[in-house]
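The structure appears below as structure tokens.
The values are calculated or read from the model by the stated rules, or taken from the named source; none is laboratory data. Given the structure is predicted, the values throughout are model-derived calculations rather than measurements. Note that we place each Cβ from the backbone using ideal geometry, even for glycine, and neighbour counts take in every protein chain shown.
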Amino acid sequence: MVLNTPIKSDQREASDSRAPLGLFYQKQSVLDVAQRMRNGLLLYPIIWPILMQVDNYTERHPWFVGINGLCLVAASILRLFFHRRLKRALDRQFNQTRFVFRVLSLGYSLYWGILCALIMTATDTDSLKWMMLMTTVGITAGGTVIVALDPVLPLLYPLFTLGPTVFGLLPQGGTVNLAISTLSAVFFAYSVSIARLVGRDYWARQRSQALLEQRARELEAISRTDALTQVPNRLLFQERLSRAWRDAQRSGQPLSIAMVDLDFFKRINDNHGHPFGDLCLQAAARALTQAIHKPSDLIARYGGEEFVILMPNTDLQGAQAVAQRLLAGIGETVVKQGAHMVTLSCSIGVSSMAPTMRERAEQLMEEADVALYQAKQTGRAKVACYEAASSVEGKRNSSTV
């Protein structure tokens, strides 16, 4: 592998304030609308019998009042049942659930709008029709603000509550009916404009929250990423090592580490300059990354010209095979810049163990470091594996592979 230009790090762009938010925020908007609706789900069944006392309408039309009252109660119970399962349904099938949520909400408002239109066009409801209209206007005003967080409901909700009345009164003609229809149209336009303002403020807050969360994730990633090589840094490696160590203790599976040190790196800096040395570190990081095949393995820059590879569920033999790939990958890396050119090489120390409660994760690191020292002492550009010695003192030594 020949590297002629410095490796550029990927820069994630900030979210466009006009771009659609992710699925999480769309789900949250539906849940927020449902939360705002919760206190009004039983509003219609409560208001209906109270209104029907005006003009003795219940006594004169008991079947009409009773049947529609039961329908309003049934619709409210259905919506309460649906709202209780809304979150789980959104997680399973978002688009279908949001569609059903909108249909139920608009169907409920349309039913009330039709009832209002029937009362308004009746001939024996002198006082009731004005009470019904005033109530419907109040419900429309509050309801439009409640559903303002949804991009569809604010436009259709006032149309479904007031529209049937307008369509019922206009054919009858008359100054009063025309005035009611005109005022309803004005109120519809006003309600929609207010809902848009509320919705715009809500989504602006959501976008700000999304941007803050993205920035927090980016800062967290930066704090755990080596700025030069763009591989995980020592902090992230220590966190992953602790987690892998605990998992290996529970499962009894082996855990392996390979410590990689670039050979004669000081000489590269002295002969070619530190900028070229940085280019070599970037090339080495890329070569090591390409040699890692398992998603669970982690490569990190440990410090200076030293890298470390964490290999969960990998025994010593498997770690040796990985180390040989790492060694070959580095050995094939040629870095060129202007008149400067070097072929990289490295020394690798490997250690492996099945952790028990008596041992520490630091011990695995220490053994890999001992093996790395052995590899460098015996000629460099090789892999050395740490193994327990059978000497009288019981000391641990390393063997070269």
Exercise. Phe264 versus (1) more than 15 Å from Ser345 (Cβ to Cβ); (2) out of contact with any helix residue (DSSP H, G or I) (no Cβ under 7 Å at 6 or more places or on another chain): which is the lone unmet condition?
Worked result: (1)
For this session: Can you work out which of the residues in segment 291-312 that are touching a residue at least 60 places away in the same chain (Cβ under 8 Å) and out of contact with any Pro (no Cβ under 8 Å at 6 or more places or on another chain) is surrounded by the fewest Cβ atoms within 10 Å (Cβ to Cβ)?
Result: Gly303
Exercise. Hey, any hits in segment 256-264 for a residue that's at pLDDT 90 or above and of a type in the set (S, T, N, Q)?
Worked result: yes
Exercise. How about segment 130-168: which of its residues are hydrophobic (A, V, I, L, M, F, W, C), closer than 22 Å to Tyr57 by Cα and surrounded by fewer than 22 Cβ atoms within 10 Å (Cβ to Cβ)?
Worked result: Trp130, Met131, Leu133, Met134, Val137
For this session: Scan segment 277-300 residue by residue and report those that are in contact with a helix residue (DSSP H, G or I) (Cβ under 7 Å, 6 or more places away or on another chain) and not polar (S, T, N, Q).
Result: Gly277, Cys280, Ala284, Ala287, Leu288, Ala291, Leu298, Ile299, Ala300
Seminar exercise, completed: Matching residues in segment 251-281 (in a helix (DSSP H, G or I) and farther than 28 Å from Glu332 by Cα) number 1
For this session: Could you grab me the full set of residues in segment 314-351 that are crowded, with 19+ Cβ neighbours inside 10 Å and among the aliphatic types (A, V, I, L, M)?
Result: Ala319, Val322, Ala323, Leu326, Leu327, Ile330, Val335, Val342, Leu344, Ile348, Val350
Problem set entry | Residue satisfying all of: in segment 110-124; hydroxyl-bearing (Ser, Thr, Tyr) and touching a helix residue (DSSP H, G or I) at 6+ places or on another chain (Cβ under 9 Å); farthest from Asn177 (Cα to Cα) among these | Tyr111
Seminar exercise, completed: Those residues of segment 212-250 which are part of a loop (DSSP other than H, G, I, E, B) and of a type outside the set (A, V, I, L, M) amount to Arg224, Asp226, Thr229, Gln230, Asn233
Exercise. So, in segment 18-51, of the ones that are hydrophobic (A, V, I, L, M, F, W, C) and free of Cβ contacts under 8 Å to residues at least 24 places away in the same chain, which residue ends up nearest to Ala195 (Cα to Cα)?
Worked result: Ala19
